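The values are calculated or read from the model by the stated rules, or taken from the named source; none is laboratory data. These numbers were taken from a predicted model, which means no experiment stands behind them. Backbone-built Cβ (ideal geometry, glycine too); neighbour counts: all protein chains shown.
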Number of protein chains: 6
Amino acid sequence: MLSSTISELPTVHAHCDLPCGVYDPAQARIEAESVKKICEKVADSDDPDFRTRAAIIKEQRSELVKHHLWVLWTDYFKPPHFEAYPELHTLFNEATKLAGASGTKGGFDVATADELLAKIDKIAEIFAETKKS
Amino acid sequence: MLSSTISELPTVHAHCDLPCGVYDPAQARIEAESVKKICEKVADSDDPDFRTRAAIIKEQRSELVKHHLWVLWTDYFKPPHFEAYPELHTLFNEATKLAGASGTKGGFDVATADELLAKIDKIAEIFAETKKS
Amino acid sequence: MLSSTISELPTVHAHCDLPCGVYDPAQARIEAESVKKICEKVADSDDPDFRTRAAIIKEQRSELVKHHLWVLWTDYFKPPHFEAYPELHTLFNEATKLAGASGTKGGFDVATADELLAKIDKIAEIFAETKKS
Amino acid sequence: MLSSTISELPTVHAHCDLPCGVYDPAQARIEAESVKKICEKVADSDDPDFRTRAAIIKEQRSELVKHHLWVLWTDYFKPPHFEAYPELHTLFNEATKLAGASGTKGGFDVATADELLAKIDKIAEIFAETKKS
Amino acid sequence: MLSSTISELPTVHAHCDLPCGVYDPAQARIEAESVKKICEKVADSDDPDFRTRAAIIKEQRSELVKHHLWVLWTDYFKPPHFEAYPELHTLFNEATKLAGASGTKGGFDVATADELLAKIDKIAEIFAETKKS
Amino acid sequence: MLSSTISELPTVHAHCDLPCGVYDPAQARIEAESVKKICEKVADSDDPDFRTRAAIIKEQRSELVKHHLWVLWTDYFKPPHFEAYPELHTLFNEATKLAGASGTKGGFDVATADELLAKIDKIAEIFAETKKS
């Protein structure tokens, strides 16, 4: 249960550029899950109007994925993190590309959405490790 | 750890109005946590420019809390839920008011942010119960 | 008639979350009128590009209907109103659903837009009564 | 009286760039009324945090005034209107300036908000005349 | 090369409604160039999903063209400019219409995008003259 | 003259995520110039309301700087660019941080705005080189 999990969290994460200090890769992940579901629903439908609506919303949700990841990359991660995890730059660059025209924006392929989710999970793992230390 | 928790979740929740079916009270909670941190940081600062920036950002984050809660109320919850949980309407109305002018928008009071978080947690509990059934 | 309703209001208005005190159901109604016209225009056209544009704009206008109604529900209406008009919660919940995926967002049906307009008119009537008292 | 003006209109309104054909000066006027109320409320308050919030919201509402007026000027009014009403360009230019840095954005002066409202009313009169013909 | 040009510029221009004094017709032009490329790319593609994405993005970019032009018309140009260049009002009105439903929003015609670019260039010429004096 | 320069450009650059192929570091630079002017104007003013407006607008303009840079980093630059210019990741990360809380958002320091502009110019140089090849 997410709700119980959240209430157990000693510190929740951060994101606004005050900065408030509350960063959380879950924001990007929720949007990416949404993108995946959109692709799945389009695969199960043959209504062209539904496909159009799906395209409109997938564009927005993919953009939100990019935005949330960019915020983490710029606002949360600091030079020592990039030294400790030299793959971070490439990881973020690839993940945001995967939510763009060459990724989930460019089609309705569920496998692409899964690749995006996998990249976000790798980022989330590194994020979690940096929160511990 | 939120990141590990998320990867355990068989289905994460939903929110876009396709609808994709991915609703998650965590979205409102992350913004409300941010609002609380903003209030705490302002209490620790005597820089008037910082206070102005905090006011700007708190306004945005509180609005996001309202938006995410409105989406849950309209898009996720259905008539049978409102029958099963007759307190839901009032709960959402009070929670969104607590993120507005008479709540976290109207001041820098940490206690108000805590009240808002408590309301969101109640909503998240009901949400979790409806996901089980 | 919206126009006649509005002219009966002693003071029109209100909406920002200062709050400025200027709430007005006309904001939601104007957007819903737009949604209805979009559906009518699509019915009279067989240009697929026009239909795509209509889908894009109908999505935005429907979202604005939802937003303006949510603002009224949370920011204008107070506990005594909900006691005096126990149907208000359901009315707002149904109206916002009618502007969502199961309503005007989900198709180009003029009848659905009319249902939405009728709900908004009921809300506007109650709104007008509360302004008088 | 805005309300009386609106009630004279045989059909209300229109605004989206499909175009749906639903234009309505009431949209700009509601925002301008809000701006005026904000100025009045600030005059009655000596809370600096309230003044900051008022500045944030007045900025947004003034921008909305500008936007709604620009939409009318570009999307509703056509060359024959500009021939029939040669003052229209200046009227819109002055009105949008009055909602900008040299107008309501630049201060909390109620008289400036009244000037803005008067300009909008002049536009609304011309608008109403063009709808009749 | 634009980049080298920019570094040569003694003062770049301005646009925010503080006002900061940095206005620049390049903002509208970049968006209009984008609109033109979108039309060209659609002409070279027979993928209906690509056409839908192109419609979504063309709608946004055309709106940005309108916005950047409106800002110049209201915020940069002053009464003496309108006296010196009496064609300015019509030029801006036609340019913003060319980015709307009767222009680039309404279709994928490259020639329409070229007309829009030509209007923006005329505005940019007048703008450049007013900066010199 | 920027306007004359632009009309000489055979192809202007690109930015939307169709992608249209029109990227241009000028977008980030115009916003950063605006941020610098805002800081300068605040230094010359002792009006607290002006300072509040400046804070609001500086927050938005700095966010636009970040956004335009992120778009370049993700959408324009490709793996071969990152191999040829290994400093690019750090350059973008530092530039976007300079437009954030630890940079231009966090204060009214003109020197910080100059540092940001210098970073953008370095990015623009590399961008120009990649366009040539």
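Okay, here's what the table says:
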read-out: Selected residue (only one of C:Thr90, C:Thr96, C:Thr112 is within 9 Å of the chain's Cα centre (by Cα) and of a type in the set (S, T, N, Q)); value: C:Thr96
read-out: Subset tally (residues that are under 30 Å from E:Val42 (Cα atoms) and either over 10 Å from the mean Cα position of the chain (by Cα) or surrounded by fewer than 24 Cβ atoms within 10 Å (Cβ to Cβ) (or both)) for segment F:28-65; value: 1
read-out: Residue tally, condition assigned to a helix (DSSP H, G or I) and either among the aromatic types (Phe, Trp, Tyr) or at pLDDT below 90 (or both), over segment D:1-43; value: 7
read-out: Residues satisfying the stated conditions in segment F:40-50, i.e. more than 15 Å from F:Leu117 (Cα to Cα) and either of a type in the set (Ser, Thr, Tyr) or in contact (Cβ under 8 Å) with a residue 40 or more places away in the chain (or both); value: F:Val42, F:Ala43, F:Ser45
read-out: Failed item in (1) over 27 Å from B:Cys16 (Cα atoms); (2) modelled with pLDDT of 95 or more; (3) assigned to a helix (DSSP H, G or I), with C:Asp46 passing the rest; value: (3)
read-out: Selection status of A:Thr74, crowded, with 18+ Cβ neighbours inside 10 Å, over 12 Å from the mean Cα position of the chain (by Cα) and closer than 30 Å to E:Ile56 by Cβ; value: yes
read-out: The lone exception for A:Lys58 - which of (1) within 9 Å of chain B (Cβ to nearest Cβ); (2) part of a loop (DSSP other than H, G, I, E, B); (3) not hydrophobic (A, V, I, L, M, F, W, C) it fails; value: (2)
read-out: Count of residues meeting criterion [out of contact with any Lys or Arg (no Cβ under 7 Å at 6 or more places or on another chain) and more than 19 Å from D:Thr74 (Cβ to Cβ)] in segment D:117-127; value: 3
read-out: Tally of residues being facing chain D (nearest Cβ under 9 Å) and in contact (Cβ under 8 Å) with a residue 24 or more places away in the chain across segment C:24-39; value: 9
